[in-house]
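Since the structure comes first, as structure tokens, the remarks are kept for the end.
Values quoted throughout were computed directly from the atomic coordinates according to the rules given, and no laboratory measurement underlies them. Here the structure is a predicted model, which is why all the values come from computation and not from measurement. Every residue, glycine as well, gets a Cβ built from its backbone with ideal geometry; the counts of neighbours run over all protein chains shown.
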Amino acid sequence: MLRHTGGNRGKKLLDALSRRAVVVDCAAVKSDTDKLEFLRQEFKGAGRTIHPDAARALVAAAGGTLSDLGAAAQQLMRDVPGDVTAEHVDKYFGGRVEASAFKVADAAFEGRGEAAMRLYRHALATGVAPVAVTAALARKGRQVAALVDHRGRPDQLASALGAAPWQLQQSAETARRWTPRAAARAVEAIARADAEAKGAARTPSTRWSGPLPRSQPTLGADDARSRKWLSSLIK
């Protein structure tokens, strides 16, 4: 069996082999939703249970590839008796969280304040620029604002928003917890924060220590504390 990871390197060999062998095209799994489903099936197939928050934490920590995610799942099933909880994931993989600007934005808009703060700090520590975080928040905000009262399929907006269909599907799930007014306020607040991160504030990283909640409130999209958090972007 030959595995090719894509790109032009080795393409001639691949073309030659494809005339004599069966080729199975395994597209990369990029969405967290698909990775969570993969995890559920792995644990279900082994007759084991992983808690939903533990599954999300494991995807954040070891979800770069399905092989890494599968290996992490197997390790937990080997070493942990009974249900796998978020505490188990943190114990084994807490130092391996793959922080990125997009993960910060996802956590913030989904109301996971503690996770957003943790991912933000880790992102800065690993070289992610504050302007990348504002850009990711802005992109997520535009998607949520467009989808919050959209009545058709999310993928109908893919070309207009410059996003992949699977990204809009994920954002559509988040948008269900938002109102048009709250989404509009979020977009405006993030736009002003983006301007400050690009120069209006003295130090972008200091500017960005405020928007993500230190008090770790529940960022429900329609509640008062969510709007307070969003309004903190412009203070």
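Sorted by mean Cβ packing within 10 Å, highest first, what order do the peptides 127-134, 36-43, 53-60 take? Walk me through the numbers before you get to the answer.
Values: 127-134: 19.5, 36-43: 17.2, 53-60: 22.2.
Highest mean packing first, the order is 53-60, 127-134, 36-43.
What percent of all Cα-Cα pairs in region 32-96 falls into each 5 Å bin, going from 0 up to the bin containing the maximum distance?
Spelled out bin by bin, region 32-96 gives 4, 21, 38, 28, 9, 1 percent.
Where the Cα atoms of region 84-154 are projected onto their three principal axes, how long is each span, largest first, in whole Å?
Between the extreme Cα coordinates on each principal axis of region 84-154 lie 43, 32, 17 Å.
Determine the distance separating the Cα centre of region 122-144 from the Cα centre of region 1-40; give it in Å without decimals.
Distance between centres, Cα-based: 30 Å.
Could you pull out every residue, at least 5 positions away or on a different chain, whose amide H is within less than 5 Å of the one on Ile50? Hs are placed 1.01 Å off N in the peptide plane, and Pro or chain starts have none.
Val84
Greater than 30 Å separation of Cα atoms is the criterion. Which listed pairs, Lys35/Lys140; Lys35/Lys91; Lys11/Lys103, meet it?
Lys11/Lys103
Taking only the alpha-carbon positions of region 1-135 and ignoring solvent, what does the Debye formula give for the base-10 log of I(q)/I(0) at q = 0.20 Å⁻¹?
So the normalised log intensities are -1.11.
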